[in-house]
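Undergrad: I am attaching a structure below and will ask some questions about it afterwards.
Read the figures in this text as sums done on the coordinates, not as results from a lab. Since this is a predicted model, take the numbers as computed values, not measurements. Cβ sites come from the backbone with ideal geometry, for glycine too, and all protein chains shown count toward neighbours.
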Amino acid sequence: MYLRRFYDEGLAHASYLVGCQETGEACVIDPARDIEPYLATAKREGLRIVAALETHIHADFVSGARELADRVGAAICVSDEGPPEWKSGYVKAYPHRLLKDGDELRFGAVRLVVIHTPGHTPEHVSYLLYDGKASPDVPMALFSGDFVFVGDVGRPDLLERVAGESGSSEALARQMFRSLRKFEALPDHVQVLPAHGAGSACGKALGAVPSSTVGYEKLVSWALQHKDEDSFVQALLAGQPEAPVYFARMKQVNKNGPRLLAELGTPERAELSPERLRAWRESGIVLDVRPADAFAKRHLAGSLNIPWNKSFVTWAGWLLPADSPIHLLAADSVLTDVMRALRSIGIDGVEDVAHPAELDHLSLEEASAYLNVAPDEVRHALANEELWLLDVRNPDEWEGGHLPKAHHIPLPKLTAHLHDVPRHQPVYVYCRTGGRSAIAASVLRAHGIGDVRNMVGGYEAWRSKGFPIES
């Protein structure tokens, strides 16, 4: 048997290629939209990808199941459990199989048994893996999707928060409690191979270790310590993080079928003439992915800065509307990765691309900037009441302590609350260490707020100096 894990750090998404080396048949479980890594690995290992399996309709990334069906003829295997409104609607156009609890899938000597595990979503299934050559009757691993993570379980509130299904959170939490009883009944040695790791918004306390076992999770996972259903439901629903706004769109994209990448084409290469710049400003969003320091010093007026780093795809999902044309400023060295990341969450509207070096020729009217300032300067300005101070951290961070006289607008909600930010005085902005506040500074400048200053080092730098904190 061949088994390999693939991991996208930006999405904290894990997918798996599993197959039989004797027959060459293989499948991919919870595939990403970019299927090239699976195809390259399968070719190298002498495998044929004959099926794409999904554990549920994903909310945080575009599934690659349709890509695999179109490119290599893989059968799409999806859950047929749960209510009809959460069944994949596009798969009938391809070879497919609709799965029920107890169904089996075979790829040579590899056997997968379907287990209906609702809780994160009503249709969610997990796949119990058997190696027919080594131990045909002893399960080896559980592909648990967003049902059980390392140290956590899937959140049950996404349908209510992002899909508008009122009252579904508690009902799904109770289903999760019952699904965990199925999990507990599995042998302790069974490996747990989840679809997400630390950093995913599909749970609230995911571990950074890539895999676990049923026995270990029974010993240490907070969710499996609760034997009373009501107390479990209360604990599971408490403290769930804010759901990214693009999750609602992803659910619909994956239910109805994403566009094929071959249909999207390649963005046009643009030269930043004055006419082109005017056209950019009048249509869509100018996205600059340079490091925040470079953007702060000089950028195109009205552009948005989401630096290319590990958090890029998270903030792109929060801040970029999927239906707006995007004009991208990106160096050649990162362009391919940036495009892949945007398309991984269904942001397919990049119309043209320019190299940031062309910004060197901006006129004074076209250029913009903001200031980076040290905590000492912020403290001096506070003492003289010369600022409006904005904290863009999450609510739990704010409640744990914040700077005196600060106003709180979390970064994901900043665009919707720009009317609360004054335009007649300097706006100083901070987060925990300076990354989110730099993005916030670009949002403020893009919307015409003139004097914006980002506190480098953020709350942690302020606190390390022993400066006053309120809570």
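Undergrad: Would you please put 28-36, 41-49 in order of how densely packed they are, using the mean number of other Cβ atoms within 10 angstrom per residue and starting with the highest?
TA: On the way: 28-36: 23.3, 41-49: 16.2.
Ranking the peptides 28-36, 41-49 by packing returns 28-36, 41-49.
Undergrad: Let me ask something else. Highest first, please rank the peptides 416-426, 91-101 by the mean number of other Cβ atoms sitting within 10 Å of their residues.
TA: In descending order of packing, they fall as 91-101, 416-426.
Undergrad: Taking the chain as the reference, fit the longest principal axis to its C-alpha atoms, fit the long axis of helix 36-45 to the helix C-alpha atoms, and give the angle between the two in degrees, 0 to 90, nearest 10.
TA: In the chain, helix 36-45 runs at an angle near 40 degrees to the longest axis.
Undergrad: Okay, next question. Which GluC sites (Glu not before Pro) in the stretch 336-432 sit in a loop by DSSP (not H, G, I, E or B) and have at most 16 other Cβ atoms within 10 Å of their own Cβ?
TA: Values: sites: GLU351, GLU358, GLU365, GLU366, GLU377, GLU385, GLU386, GLU397, GLU399; in loops: GLU365, GLU366, GLU385, GLU386.
When the GluC sites (Glu not before Pro) of the stretch 336-432 are filtered for loop state and at most 16 Cβ neighbours within 10 Å, GLU365, GLU385, GLU386 remain.
Undergrad: Another question, if that's okay. Rounded to whole Å and sorted largest first, what semi-axes of the equivalent ellipsoid does the C-alpha gyration tensor of the stretch 2-46 yield via the square root of 5 times each eigenvalue?
TA: 20, 10, 8
Undergrad: Across the stretch 169-277, what fraction of all alpha-carbon pairs, as a whole percent, falls in each successive 10 Å bin from zero upward?
TA: 11, 29, 28, 15, 9, 6, 2
Undergrad: Given the chain, what percent of its DSSP beta bridges are antiparallel, to the nearest 5? It would help to have the intermediate numbers written out before the result.
TA: Working: 35 of 75 bridges.
The answer is about 45 percent antiparallel.
Undergrad: Based solely on its DSSP helices, what 222 nm [θ] is calculated for the chain when runs of n ≥ 4 H residues each add -39,500 (n - 2.57) and the sum is averaged over all residues, nearest 500 deg cm²/dmol?
TA: Result for the chain, helices only: -8000 deg cm²/dmol.
Undergrad: Do any of LYS133/LYS218; LYS182/LYS218; LYS87/LYS413; LYS133/LYS182 go past 23 Å between their Cα atoms, and which?
TA: The pairs that break the limit, which is 23 Å between Cα atoms, are LYS133/LYS218; LYS87/LYS413; LYS133/LYS182.
Undergrad: Using a simple charge model, +1 on the beta-carbon of Lys and Arg, -1 on the beta-carbon of Asp and Glu, nothing else, what dipole does the stretch 339-412 show about its Cα centre, in debye to the nearest 20?
TA: Details: 5 positive and 15 negative charges, 65 e Å.
Dipole of the stretch 339-412, to the nearest 20 debye: 320 debye.
Undergrad: For the pair ALA185/ALA357, report the inter-label distance in nm, with labels modelled 7 Å from Cα in the Cβ direction.
TA: Going from the ALA185 label point to the ALA357 one covers 6.5 nm.
Undergrad: Let me ask another. Principal axes first, then extents: for the Cα atoms of the chain, list largest minus smallest coordinate on each axis, whole Å, largest first.
TA: Here the spans come out as 73, 52, 36 Å, largest first.
Undergrad: Would you mind working out the magnitude of the charge dipole of the chain relative to its Cα centre, with +1 at each Lys and Arg C-beta and -1 at each Asp and Glu C-beta, to the nearest 20 Debye?
TA: In debye, rounded to 20, the chain gives about 440.
Undergrad: Let me ask another. Given VAL72, LEU364, ALA201, which one lies farthest toward the positive end of the charge dipole of the chain, if we put +1 on the Cβ of every Lys and Arg and -1 on the Cβ of every Asp and Glu?
TA: VAL72
Undergrad: Out of every Cα-Cα pair in the stretch 264-368, what percent are more than 17 Å apart? Please report the intermediate quantities before stating the final value.
TA: On the way: 2557 of 5460 pairs.
Value for the stretch 264-368 (Cα pairs over 17 Å): 47 percent.
Undergrad: Please work out how much length the chain gains when fully extended from ARG298 to ARG48, using 0.36 nm per residue of separation minus the C-alpha to C-alpha distance, in nm with one decimal.
TA: So the chain would gain 85.0 nm between ARG298 and ARG48.
Undergrad: Taking Cα centroids, how far is the stretch 1-38 from the stretch 133-178 in Å?
TA: Between the Cα centre of the stretch 1-38 and that of the stretch 133-178, the gap is 20 Å.
Undergrad: Output the peptides 17-24, 177-184, 121-128, 155-162 sorted from most to least packed, where packing is the average of other Cβ atoms within 10 Å over each peptide's residues. Walk me through the numbers before you get to the answer.
TA: Values: 17-24: 19.0, 177-184: 17.5, 121-128: 25.4, 155-162: 22.0.
With the highest mean Cβ count within 10 Å placed first, the list reads 121-128, 155-162, 17-24, 177-184.
Undergrad: Can you find, among TRP308, VAL452, ALA440, the residue sitting farthest towards the positive end of the charge dipole of the chain, where Lys and Arg contribute +1 and Asp and Glu -1 at Cβ?
TA: Most positive-ward Cα: TRP308.
Undergrad: Oh, and also: What's the percent breakdown of Cα-Cα distances in the stretch 215-333 across 10 Å bins, shortest bin first?
TA: Percent of Cα pairs in each bin: 10, 27, 27, 17, 12, 6, 1.
Undergrad: Tell me the net charge near PHE143. Cut-off is 12 Å between Cβ atoms, PHE143 excluded, with +1 for each Lys or Arg and -1 for each Asp or Glu.
TA: -2
Undergrad: Pairs of Cα atoms under 8 Å, at least six residues apart: use those to get the relative contact order of the chain, whole percent.
TA: Worked out over the chain, it gives 11 percent.
Undergrad: Which is farthest toward the positive dipole end of the stretch 314-471 among PRO410, ILE326, PRO422, measuring Cα position about the Cα centre, with Cβ charges +1 (Lys, Arg) and -1 (Asp, Glu)?
TA: PRO410
Undergrad: Another question, then. For the stretch 112-225, what is one quarter of the convex hull surface built on the Cα atoms, given in nm²? Mind dumping the intermediate values first?
TA: Details: hull surface 27.1 nm².
Projected over every direction and averaged, the Cα hull of the stretch 112-225 covers 6.8 nm².
Undergrad: What net charge do the residues around LYS405 carry, taking every other residue with its C-beta under 13 Å from that of LYS405, with Lys and Arg at +1 and Asp and Glu at -1?
TA: Here the count lands on -3.
Undergrad: Right, another one. Distance between Cα centroids, the stretch 300-335 to the stretch 47-70: provide it in whole Å.
TA: Each part reduced to its Cα centre gives a spacing of 26 Å.
Undergrad: With a cut-off of at most 14 other beta carbons within 10 Å, and DSSP calling the residue loop, which GluC sites (Glu not before Pro) in the stretch 205-266 qualify? Please list them. Could you put the intermediate results ahead of the total?
TA: Numbers: sites: GLU217, GLU229, GLU242, GLU263; in loops: GLU242.
Loop-located and lightly packed - GLU242.
Undergrad: If Rh is defined by the Kirkwood formula over all Cα pairs and Rg also comes from Cα, what ratio Rg/Rh do you get for the stretch 371-464?
TA: Here Rg/Rh amounts to 0.92.
Undergrad: Additional query: Using the Cα centre as the reference, give the magnitude of the dipole from point charges on the C-beta atoms of the stretch 2-256 (Lys, Arg: +1; Asp, Glu: -1; all else neutral), rounded to the nearest 20 debye.
TA: That gives the stretch 2-256 a dipole magnitude of about 480 debye.
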